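Participant: I'd like to ask some things about the structure below.
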Amino acid sequence: MEFAAGVYKSILFPVIPTNTGDHLSELQKAMLDATPDCIKILSVDGRLLMMNRAGCKALGVPEDSEFGMLWLPLLPPGVHQSGLEALRTAATGQSARFPGQSHSPKGTQHWDNLLTPVVDTTGNVFSILCVSRDVTAKTELERDLENAVSREKLLSQEMQHRIKNVFAIVSALITISEKEAGRDDASQSATKILRAKIGALSRASEVAFPLSEIKNVANSRLDIGSLVHSVLKPYGNRYSASGSQTSVRHKNLTTIALFLHELATNSVKYGAFSSDEGAVSINWAMNDQELSLLWSESGGPPILTEPREQGFGSEMVGRIVGSVGGRISRTWSRDGMIAQLHLPNSDLA
């Protein structure tokens, strides 16, 4: 059954006694155009029959359009499926709702779309009233709150992770200090050696040097060799480091330092640093527009199988590296774990 445009208008407004049909039509249109909500009348098969000014503006349809076009193709592809499901539900006589989006030079707007079936006197659905309300502010607020909660949870997990690691590292440094003090050529007591190592560990946590001493943090640079030695100094002669002279911007230091610190911590708990004969080799080079840093362990407990899953610290560092366009590869051999960090050189040197 087909209906004239005047019939659709009468669906939304009561009949107002008047001798001038044009005046009534203009009044109805003015009332529709006064609301910021996007009001549309759809056929049961999803064709756009009428739309107010706000709807035309949101969907990029001329106000003087004769309409009749399919409604769903006017929406972003990402909401087509949910829109189709809502349309089908409304066509059966039930109200339906789905979230939508529209894009413009001003940005993305979020909409709450409510589809209400319009029925005739026999109960048959002959059109669908769709009212779309701009909920951008509400959606962005909910997203910001959700992100804030996620950050708080992540910070809480990281704090617990770091506290556990501190105990593991200090326990390992005590053992290393006692062994160094027990050598025949030792010149210091275990307490003095441990105090020096803890001091070095504290300085390493500042990522090579205090930020207060840097006048221009964003553009300052540091030789990567200095960074490696700063992070690994607490482990004495248990590591070796070599590579070309390469400087990195200060804003990238944290990513590299976290990578080294997490590997060192895991090595203390499970790898080469947990064994008397264990050692770590670090090498780096700048090749093909990227920095490559290789961490190689040997002499630790034999690795029989590859770990089934990463710990929280390794997963967190992986995310941080990935956020700057880098990647980490790990290989578990019987002799020890090998990890390689790749960072793009676009903003490193």
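Participant: How do the peptides 269-281, 87-99 rank, highest first, by the average count of neighbouring beta carbon atoms within 10 Å per residue?
Facilitator: 269-281, 87-99
Participant: What nm value, rounded to one decimal, do you get for the distance between M31 and E306 when each label is placed 7 Å out toward the C-beta?
Facilitator: 6.9 nm
Participant: What distance in nm separates the simple spin-label points at R183 and Q340, each placed 7 Å from Cα in the Cβ direction?
Facilitator: Roughly 3.3 nm, to one decimal.
Participant: Working out 0.36 nm times the residue gap between I320 and T92, then minus their Cα-Cα distance, what length gain in nm do you get to one decimal?
Facilitator: 77.2 nm
Participant: Could the peptides 101-108, 320-327, 290-297 be put in order, highest first, of the mean number of other beta-carbon atoms found within 10 Å of their residues?
Facilitator: With the highest mean Cβ count within 10 Å placed first, the list reads 290-297, 320-327, 101-108.
Since every read-out is calculated from the coordinates, none of them should be taken as a lab result. Everything numeric here is computed off the predicted structure, so don't read it as measured data. Methodologically, a virtual Cβ is constructed for each residue, glycine included, from the backbone with ideal geometry; neighbour enumeration extends over all protein chains shown.
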